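A short write-up of the structure that comes next.
The values are calculated or read from the model by the stated rules, or taken from the named source; none is laboratory data. This structure is a prediction, so every number in the text was calculated from the model and none was measured. We place every Cβ from the backbone using ideal geometry, glycine too, and count neighbours over all the protein chains shown.
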Amino acid sequence: MFDNYFRKDIPWGGQVLTLETGKIARQADGAVMARLGDTIVLCTVVGSRSVKPGQDFFPLTVNYQEKAFAAGKIPGGFFKREGRPSEAETLVSRLIDRPIRPLFPEGFRNEVQVIATVLSHDLENDPDIVAMVGCSAALTLSGIPFFGPVGAARVGYVDGAYVLNPTLAQRKLSKLDLVVAGTAEGVLMVESEAHELSEEVMLGAVEFGHKGFQPVIEGIIALAEVAAKEPWELPPEDPALAALKARIAELGRAPMAEAYRVTEKLARHRAVAEAKQALLAALEAEGADTAAAKGLLKDLEAEVVRNAILDTGRRIDGRDTKTVRPIMAEVGVLPRAHGSALFTRGETQALCVATLGTGQDEQIIDALTGEYREDFLLHYNFPPYSVNETGRLGSPGRREIGHGKLAWRAIHPVLPEKEKFPYTLRVVSEITESNGSSSMATVCGASLALMDAGCPIARPVAGIAMGLIKEDRGFAVLSDILGDEDHLGDMDFKVAGTEAGVTSLQMDIKITSITFDIMRVALEQAREGRMHILGEMAKAISGARTDLAATAPRITVITVPKDKIREVIGTGGKVIREIVEQTGTKIDIEDDGTIKIASTSQEATQAAIDRIRGIVAEPEVGVIYTGRVVKTAEFGAFVNFLGARDGLVHISELANDRVAKTTDVVKEGDLVKVKVLGFDDRGKVKLSMRVVDQETGADITDQVGERRPRPPREEGEERPRRERAGRRDD
């Protein structure tokens, strides 16, 4: 039935990677079932055979989706089905997109959709790498023009050694989580989080990963030799278009070069726009196809900018290749925020705000691997006004999610342990101006805001974005790139870290690949730039403040015996809710008996502590407590005096005088002071009011004396009968 079924088993990192095609999703242009262990991802590719009229860009869409059944789960929520993509799914979609996008032919405008669906997850092998490999294989088999295949691998660093595709358990022990993708010739994409590792270790990890996925590339090629579809025929290059491109360069090179000499961003954009308009008007007067000319203008811009840098060593804004733009850093800019910072680098600016919360503020994440809580949140916002544009405000897009996660990875390794700083941390980065590398401005601003909030991070973190201009005659690595240099260059290479080492590295290549020699130059140049930025940041604040802001909650941690947790919580949470409502605090209780009490008022915190201590404390003989009468009886009163613990004040211990009725002395709801006399044979507490001054709480046992117990009767002795009052003898 499956005549075109093919399978390739690839030994890889001690396991077997299996690629199957021709059995499932046979109507797609390309479909591959990729399997590693018991993790299985179905990867499909479909391309449109026609181009929409007026299409001037390459419409590539990548969707990665996780099905709950892959881990034997039913989705949560009201509808009980998968909904909008999670943050993790969005990030993996970007992870697949970034290495494959540069490998489509220049000028290819057909719409292509890549879908990766996780069908099975063994909770050991992460499906993201499997999906990247499977999508690369599906593209290679589809016949769609694609200069692949691409390989991908995850690299860990455990006990000083690199680990290829570490399992989820191994990743918890690793000081590095790095994903690298590329072709047989070089690297196209890197994404990583590291615990302050050196540039040499980071570069070694990239090289290790690149070497590690070569068997995958070879396996995909072997599969394509037997299973690939006929390649699409690309339309031949139009000679008229080549002539038009030459004419555009002839007329527009000088005006465009002059426009790009303007150093200020908005003025430069206006000058470039005017040069384009004048050029199009001249071409229209000559009878040229202006619609086609618009698509070629970017080529002219790239030529002008790139050649100027290679020829003169000077960039758009007048800097050389290594100089970082002027930096201004401020902290404490918002009076009511727990921590805030304004970081400005040239024409890029980030307003970062840190908020300290409690365990109740942790984000609950329902992942395939199981539900977990995240106590560090970093949210990046890019409003349209930051680039002098109008636009719709809505939920964050893929770019916002990706940039926020990059900054999260940069900061996460230096955060204090939860035991030392028991707060949920949220940092929000509002990009108020942008001209290149707003994600790295977010890293710097987030570091400053956390220190301003009093979060004891290990060391300040700074980030810098590097660019690349690469031609046959040479290359130039650019520090702290502008937005235009990002658009017209060949590489976006972002490095974040402390003075001790790298915490995050992200790289995207727009050409087929770069060499490790170029990466080595970029890493060293980035280190120099990072040290300069850290020095500028230290002028504002060099370490965490010792005191929290007045508006921030103070968290006090106490511990109680595990067997007392139920008493603190109470039936249905009644006791803990009452403590929270009456004291105005937030209280988190953990299974090991750790209790975290948060409040901006020390008095409220102490009141909550006293209530909890009272609940878990054991009564001590001879100690005086304050309690409340909860019930009266003929024989005495029951007093709640120590949390949920009650004791009995016998009617004979209510007062020194004879008491006829319990209610003559106390009523339900009365606050009284009692002394613990001891315990009966059933463990019940015996209390006394008569030996305690009810006004001062002082022990007056010596003044009233102890009640003497009756002497024991002799054997056979009868107890004398008490005569009734008014009885006559006969």
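Which one of the conditions (1) farther than 16 Å from Leu534 by Cβ; (2) at pLDDT 95 or above; (3) assigned to a helix (DSSP H, G or I) does Ser447 fail to meet, given that it meets all the rest?
(1)
Since Ile576 meets every condition but one in (1) within 28 Å of Pro149 (Cα to Cα); (2) among the aliphatic types (A, V, I, L, M); (3) assigned to a helix (DSSP H, G or I), which condition does it not meet?
Among (1) within 28 Å of Pro149 (Cα to Cα); (2) among the aliphatic types (A, V, I, L, M); (3) assigned to a helix (DSSP H, G or I), the lone unmet condition for Ile576 is (1).
When the residues of segment 166-189 are narrowed to those that are of a type in the set (A, V, I, L, M, F, W, C) and over 18 Å from the mean Cα position of the chain (by Cα), which ends up surrounded by the fewest Cβ atoms within 10 Å (Cβ to Cβ)?
The extreme case among them is Ala169.
Among the residues that make up segment 533-548, is at least one of them under 30 Å from Val495 (Cα atoms), acidic (Asp, Glu) and touching a strand residue (DSSP E or B) at 6+ places or on another chain (Cβ under 6 Å)?
yes
Among the numbered conditions (1) over 34 Å from the mean Cα position of the chain (by Cα); (2) part of a loop (DSSP other than H, G, I, E, B); (3) surrounded by 11 or more Cβ atoms within 10 Å (Cβ to Cβ), tell me where Arg7 comes up short.
Arg7 satisfies every listed condition except (2).
Restricting to segment 82-115, count the residues that are in contact (Cβ under 8 Å) with a residue 60 or more places away in the chain, farther than 23 Å from Tyr372 by Cβ and not basic (Lys, Arg).
So the count comes out to 11.
Evaluate the following for Arg94: is it in the same structural domain as Val179 (by TED's automatic domain parsing), within 27 Å of Phe147 (Cβ to Cβ), surrounded by 11 or more Cβ atoms within 10 Å (Cβ to Cβ) and out of contact with any helix residue (DSSP H, G or I) (no Cβ under 8 Å at 6 or more places or on another chain)?
It is false that Arg94 is in the same structural domain as Val179 (by TED's automatic domain parsing), within 27 Å of Phe147 (Cβ to Cβ), surrounded by 11 or more Cβ atoms within 10 Å (Cβ to Cβ) and out of contact with any helix residue (DSSP H, G or I) (no Cβ under 8 Å at 6 or more places or on another chain).
Which one is surrounded by the fewest Cβ atoms within 10 Å (Cβ to Cβ), of the residues in segment 419-478 that are more than 14 Å from Gly404 (Cβ to Cβ) and hydroxyl-bearing (Ser, Thr, Tyr)?
Residue satisfying both the conditions and the ranking: Thr432.
Residues checked against (1) part of a loop (DSSP other than H, G, I, E, B); (2) under 18 Å from Leu91 (Cα atoms); (3) under 27 Å from the mean Cα position of the chain (by Cα):
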position	(1), (2), (3)
Gln27	yes, no, no
Ala34	no, no, no
Thr44	no, no, no
Arg49	yes, no, no
Lys52	yes, no, no
Phe58	yes, no, no
Tyr64	no, yes, yes
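Which of the residues spanning segment 38-81 are among the aliphatic types (A, V, I, L, M), in contact (Cβ under 8 Å) with a residue 12 or more places away in the chain and either farther than 30 Å from Phe108 by Cβ or in contact with a helix residue (DSSP H, G or I) (Cβ under 9 Å, 6 or more places away or on another chain) (or both)?
Correct list: Ile40, Val41, Leu42, Val45, Val46, Leu60, Val62, Ala68, Ala70, Ala71.
Working only within segment 577-597, note down all residues that are surrounded by 12 or more Cβ atoms within 10 Å (Cβ to Cβ) and farther than 22 Å from Glu419 by Cβ.
Arg577, Glu578, Ile579, Val580, Gln582, Thr583, Gly584
Can you find, within segment 598-625, the residue that is farthest from Leu356 (Cα to Cα) among those that are assigned to a strand (DSSP E or B) and modelled with pLDDT of 90 or more?
Ile624
Assuming Lys23 fulfils every condition listed in (1) in contact with a Phe, Trp or Tyr (Cβ under 8 Å, 6 or more places away or on another chain); (2) exposed (fewer than 14 other Cβ atoms within 10 Å of the Cβ) apart from one, which condition is it?
(2)
What is the number of the single condition among (1) assigned to a helix (DSSP H, G or I); (2) in contact with a Pro (Cβ under 9 Å, 6 or more places away or on another chain); (3) not acidic (Asp, Glu) that Thr344 does not meet?
All conditions pass for Thr344, except number (1).
Quick one: would you say Ala522 is in a strand (DSSP E or B), over 30 Å from Gln602 (Cα atoms) and in the same structural domain as Ser479 (by TED's automatic domain parsing)?
Taking the combined requirement at face value, the residue does not satisfy it.
Spot the failing condition for Gly287; the list is (1) among the small types (Gly, Ala, Ser); (2) surrounded by 13 or more Cβ atoms within 10 Å (Cβ to Cβ); (3) not assigned by TED's automatic domain parsing to the domain that holds Val521, and only one is missed.
Condition not satisfied by Gly287: (2).
Listed here are the residues, each with its yes/no results for (1) crowded, with 21+ Cβ neighbours inside 10 Å; (2) over 25 Å from Gly570 (Cβ atoms).
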{"position": "Phe635", "(1), (2)": "no, yes"}
{"position": "Val639", "(1), (2)": "yes, no"}
{"position": "Ser652", "(1), (2)": "no, yes"}
{"position": "Ala655", "(1), (2)": "no, yes"}
{"position": "Lys661", "(1), (2)": "no, yes"}
{"position": "Val672", "(1), (2)": "no, no"}
{"position": "Val676", "(1), (2)": "no, no"}
{"position": "Gly683", "(1), (2)": "no, no"}
{"position": "Leu687", "(1), (2)": "yes, no"}
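Can you say whether Asn125 is within 23 Å of Val155 (Cα to Cα) and either buried (at least 17 other Cβ atoms within 10 Å of the Cβ) or not basic (Lys, Arg) (or both), as far as the supplied structure shows?
yes
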